[in-house]
Every structure is written in C-alpha cells, then in structure tokens.
Amino acid sequence: MHFRTRAIHVGNEPDPATGAVVPPIHVTSTFVQPGAGQWGQFDYSRSGNPTRKALETTLADLESGCGALAFASGMAAIHCATLLLRPGDHILAGSDIYGGAYRLFHKIAAPAGIEVSLAPSSDLEAFQAAFRPNTRLVWIETPGNPLLSISDIAACAELAHRHGALLGVDNTLATPVLTRPLELGADIVMHSATKYLGGHSDLLGGALIVKAPELWKRLYFIQNATGAVMGPWEAFLCSRGLKTLEIRVTEQCRTAAGLAAYLAKDRRVARVLYPGLPNHPGHALAARQMHGQFGAMVSFEVAGDLEAAKRLVQSTKLFSLAVSLGAVESLIEQPALMSHASYDRADRLAHGIADGLVRLSVGLEHPEDLQADLDQALALAVP
Ligand code: PLP
C-alpha cells in the first residue's frame with residue numbers, strides 16, 4: 001500500500017469493542033490483570049499504553065522499521081539514544097544539528113564521561129577523519145538545522161558501521177515522506193514529533209524508530225527505566241496528524257520552493273540556503289535522497305546585520321516569530337538569538353550560522369500571502 005494509505009490505516013484499526021472508526025484514547029495509568037502474577041498485554045502506562053502503541057505501530061511502518069518508541073519530547077528521544085553509550089565512548093555528531101542536541105551532547109552526555117565532537121557530515125572526507133577508535137554513535141541531521149546542509153545517509157551509515165558505531169539520523173526536517181533513513185542503512189531514526197508528524201503546533205513529542213529488534217529492546221528498556229514516555233493525548237494528536245502528513249509536507253514543500261526562488265532574486269537578501277536551489281551544494285544529493293522534493297524549511301541571510309535580521313523577524317504578520325517548525329502555521333526565527341542561542345558565538349559563526357541568518361518554517365497558508373508578508377517585512381528591515 002502507498003504511504004498515504006498506510007498513514008491512515010496502519011495502527012488505526014477501528015475499535016473492536018464499539019466499532020468506533022477512530023480508536024479511543026486510553027487515559028489510564030494502570031490496567032487490571034487477569035490474576036496475581038499473570039500479565040495482560042498492558043500493565044502500566046509507562047511500560048506501554050494502547051494509544052501510544054497505535055502511534056508507534058504507524059511510525060514503525062512509515063519509517064520502514066521493526067519498531068518505534070514514542071517519547072515525551074524529541075529531546076527525551078535523543079537522550080534515550082545517548083544512554084546506549086558508556087563512559088569512554090565517543091559521539092560524533094554532524095556540525096549542522098539542532099541546538100538542543102548540541103546542548104544535550106555537551107552539557108549532559110559529556111559530563112557523564114562520553115566524548116563528544118562535531119564535524120561536517122555533509123563533507124564525507126572531513127567526517128571520516130573525525131572518527132575515533134571509541135566512536136559508538138554517529139548522529140546526523142539532514143537537511144541540517146538551520147543551514148539545510150545535506151548529508152549522504154547511505155555513506156554515513158557505511159562509515160559508521162566500518163568503525164563499529166551506530167548511525168542515528170534526526171529525520172525531523174525531512175520526514176519519512178521525503179527520506180527514510182532506515183532504508184538507506186541508518187540504525188536509528190529520531191523525530192521531534194512536535195514538528196511535522198504532529199503538524200499543528202499543539203503537541204510535544206519525540207520518537208525513535210529502529211530496524212533491529214535487539215536494538216529496539218535495549219532502547220525500550222532504557223525508556224521504561226527512565227520514564228520519559230509520550231502521554232496518550234499527545235499520542236492521539238500525533239496519530240491524527242500523521243494521517244495528513246504526506247499531503248501537508250508535499251504542499252508545504254511546494255510553497256517553500258516558490259518562496260526560496262523569490263528570495264534568491266531579491267537584492268535585500270544576501271544568500272538563500274535551500275536544497276532545492278540548483279546552486280545549493282547539496283542539491284544533487286538531495287535530488288537523489290529526498291524523493292523529489294526539498295523540504296519546507298528555508299534559511300536566508302538578510303543583506304544586513306543582526307539588527308536588520310531582528311527587524312525582519314519582528315515585522316512579519318503571517319509568519320509568527322517563534323521557534324519550532326513543521327506545522328500548518330508558518331513560523332520565522334533568527335537562529336543566532338533563538339534556536340541556536342545555546343551555541344557559543346564563536347562556535348556558531350564557525351559553523352556558518354551568521355548573525356543575519358533567518359529561518360522560515362513554511363506552513364500551509366496560500367503562497368501569495370506568504371510572499372507578500374515577506375516582501376513587506378524585508379522593506380522594513382532593509383530599506
Ligand atoms: N530535532 C530537531 C531538528 C528539532 O528542530 C527539535 C526541536 O526544535 C528537536 C530535535 C527537539 O525536539 P523537542 O523540542 O520535541 O524536544
């Protein structure tokens with residue numbers, strides 16, 4: 001069956017007890033057991049809940065995995081993956097990753113004895129040189145955040161495996177509509193379900209999806225032991241969001257491509273970072289890896305300084321000034337002051353996140369309205 005059909009039907013079977021087409025939300029912490037010492041399918045909602053299970057079933061299917069785990073947030077999901085490591089192990093992360101992942105690796109994993117280093121995963125030679133004998137987890141994001149760099153997942157998987165490491169891919173920006181890392185050799189796919197999977201800015205959640213049952217069991221043990229599970233209400237909202245994922249992402253990508261082309265021609269814009277533009281360094285790879293579309297995130301540098309970019313992000317009316325991404329509502333943010341403020345400035349600049357960088361999350365509004373909004377804000381920001 002096609003992706004869109006599976007997103008609607010897998011994990012969402014009608015309720016056998018009542019015939020309800022939409023499965024009920026199981027708001028319960030615990031479950032009655034058939035007898036003392038006898039266990040049913042569910043016993044306690046930290047260990048498993050039918051509504052969460054339904055979502056995990058859909059996610060595993062859409063990402064071509066053997067199983068999924070749903071978490072309270074994307075960060076909880078990444079944290080769970082890092083708990084696979086032991087003191088003395090090394091995480092090699094791509095340099096274009098979400099600021100929160102950067103902070104987790106450096107401020108939580110490193111003090112626990114894990115070595116952490118970053119290298120550009122879009123430059124395979126540089127990335128390969130950054131492996132250490134103790135590298136056990138490689139963590140990449142493609143498209144990267146916020147520079148929208150493109151990394152070759154199959155090549156990174158090959159490198160990771162050659163060095164005895166697992167490859168984890170944060171697939172939040174691409175979504176399984178555009179990229180399915182497990183099919184390309186990755187071991188773990190991670191999502192901030194808060195973003196495209198939910199799609200409506202109304203839930204916080206995360207997910208890990210894997211293809212090896214053994215790895216799923218290890219991650220499940222950690223999740224159950226540490227407890228950062230997704231609640232049933234969020235799981236329901238996310239399952240509901242998934243039903244329209246393909247149609248939303250497809251349309252949002254189309255609008256994003258149009259806006260990127262418009263910005264690329266504007267003299268008030270110094271440069272546009274969008275993998276769909278032929279001059280983007282990752283364009284050819286993205287064309288192969290992303291199933292024909294290039295994502296709904298567009299980053300660009302204003303022809304001006306930090307203050308000009310600040311004026312811009314504060315002047316849009318339809319693009320709300322907010323971190324996060326991936327919903328039907330368009331958002332705008334300034335990474336230097338917002339999503340990537342947890343980077344040291346020197347590190348941030350070294351990684352190409354300029355003061356004047358602006359990141360758009362393109363939603364489902366009409367493309368002409370969004371373009372007009374950017375146009376009036378650019379007029380105020382760069383007179
Ligand atoms: N990964 C990416 C690419 C993100 O954009 C985010 C959040 O912005 C996260 C991970 C963290 O997810 P959450 O905010 O759901 O904890």
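The values are calculated or read from the model by the stated rules, or taken from the named source; none is laboratory data. Nothing here was measured: the structure is a model prediction, and the numbers come from that model. Positions of Cβ are generated from backbone atoms using ideal geometry, with glycine treated the same way; all protein chains shown enter the neighbour counts. Just so you know, the surface numbers come from the protein's heavy atoms only, side chains and all, with ligands and any DNA or RNA stripped out. Shrake-Rupley method; radii C 1.70, N 1.55, O 1.52, S 1.80 Å.
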What is the one condition in (1) open to solvent by less than 10 Å² (accessible area, probe 1.4 Å); (2) under 27 Å from Ala193 (Cα atoms) that Leu84 does not satisfy? (1)
Out of everything in the range 328-370 that is of a type in the set (Asp, Glu) and open to solvent by 60 Å² or more (accessible area, probe 1.4 Å), what residue ends up being nearest to the ligand (Cβ to nearest atom)? Glu329
Just to check your reading of the model, which residue among Ser47, Ser73 is more than 18 Å from the chain's Cα centre (by Cα), open to solvent by 10 Å² or more (accessible area, probe 1.4 Å) and among the hydroxyl-bearing types (Ser, Thr, Tyr)? Ser47
Those residues that are closer than 14 Å to Ala68 by Cβ and touching a residue at least 40 places away in the same chain (Cβ under 8 Å), I need them from the range 182-191; list them, please. Leu182, Ile188, Val189, Met190, His191
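I'd like the full set of residues that are in contact with a strand residue (DSSP E or B) (Cβ under 7 Å, 6 or more places away or on another chain) and either in a loop (DSSP other than H, G, I, E, B) or within 13 Å of the ligand (Cβ to nearest atom) (or both), limited to the range 302-312.
Ala303
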Residue among Arg103, Arg86 that alone is under 18 Å from Pro335 (Cα atoms) and more than 15 Å from the chain's Cα centre (by Cα): Arg103
Scan of the range 217-239 for residues that are open to solvent by less than 40 Å² (accessible area, probe 1.4 Å) and either in contact with a Phe, Trp or Tyr (Cβ under 6 Å, 6 or more places away or on another chain) or among the basic types (Lys, Arg) (or both), ordered by number: Ala228, Met230
Looking at the range 44-66, is at least one residue within 15 Å of the ligand (Cβ to nearest atom) and of a type in the set (Ser, Thr, Tyr)? no
Could you tell me how many of the residues in the range 201-244 are in a helix (DSSP H, G or I) and within 16 Å of the ligand (Cβ to nearest atom)? 9
Looking only at residues that are in a helix (DSSP H, G or I) and either among the β-branched types (Val, Ile, Thr) or within 10 Å of the ligand (Cβ to nearest atom) (or both) in the range 89-109, which one is surrounded by the most Cβ atoms within 10 Å (Cβ to Cβ)? Ala101
Selection count where residues are in contact with a helix residue (DSSP H, G or I) (Cβ under 7 Å, 6 or more places away or on another chain) and either aliphatic (A, V, I, L, M) or surrounded by fewer than 20 Cβ atoms within 10 Å (Cβ to Cβ) (or both), scope the range 310-327: 6
Among the listed residues Ser342, Ser299, Ser315, identify the single one that is outside the structural domain of Pro120 (by TED's automatic domain parsing) and in a strand (DSSP E or B). Ser299
Suppose we filter the range 152-184 for residues that are surrounded by fewer than 24 Cβ atoms within 10 Å (Cβ to Cβ), touching a strand residue (DSSP E or B) at 6+ places or on another chain (Cβ under 9 Å) and closer than 21 Å to His283 by Cα; how many remain? 3
Does the range 112-127 contain any residue that is modelled with pLDDT of 95 or more, assigned to a helix (DSSP H, G or I) and either of a type in the set (S, T, N, Q) or within 16 Å of the ligand (Cβ to nearest atom) (or both)? no
